[in-house]
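Presented below is the structure to which this report refers.
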Amino acid sequence: MSQYKHENPNPVGKSVGDCTVRAISLAEGMTWEDAYLGLCMKGYEMSDMPSSNDVWGSYLTDRGWQYHRLQDSCPFCYTINDFATEHNKGTYIVATGSHVVCVRDGQYLDTWDCGEKIPLFYFERE
């Protein structure tokens, strides 16, 4: 059973190339523009692109989020949908090798159903 909920905070409805901005915007409860600007400033500070894992990871850590690596004993078995089902309380930012999504109270919020993607790590506020 999918825990997917369509959400797109992008002000003009775009949905390609900005998944990190969308996920942080939804998780932080801020506008897409504020999330984008914050990531750009962090990227400028680090001389790297705002969408790089190092940049957005540092941005979240600075804002009080904790990094967690997922066990990879069965990397083709555990999906975003499974993560959302198991994490039915709280807000998380979950990353695969090529995508970032917000999971809030057991639902993953995105512009498309990414539930079958395999998560590698996530951030949560403790």
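Each reported figure results from applying straightforward, stated rules to the coordinates on display, with no laboratory input. Fair warning: this is a prediction, and the values are worked out from it, not measured in the lab. Ideal geometry is used to build each Cβ from the backbone, glycine not excepted, and the neighbour counts take in all protein chains shown.
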Spacing of the two label points (7 Å from each Cα toward its C-beta) at R125 and V12, in nm = 3.0
Rank by packing, highest mean first: peptides 94-100, 29-35, with packing defined as the count of other Cβ atoms within 10 Å averaged across residues.
-> 94-100, 29-35
Given the convex hull of the Cα atoms of the chain, what is a quarter of its surface area in nm²?
-> 7.2
Can you pull the one-decimal nm distance between simple spin-label points at L37 and L70, each 7 Å off the Cα toward Cβ?
-> 3.3
May I ask what percent, to the nearest 5, of DSSP beta bridges between residues of the chain are antiparallel?
-> 85
Filtered pair list for the chain (Lys only, Cα < 24 Å, 8 or more apart or interchain) has a length of 6
Give the cysteines in the chain for which no other Cys Cβ lies under 4.7 Å away, or write none if there are none.
-> C19, C40, C102, C114
Compute the distance in nm between two label points, each set 7 Å from the Cα along the Cα-to-Cβ direction, one at D105 and one at S51.
-> 3.1
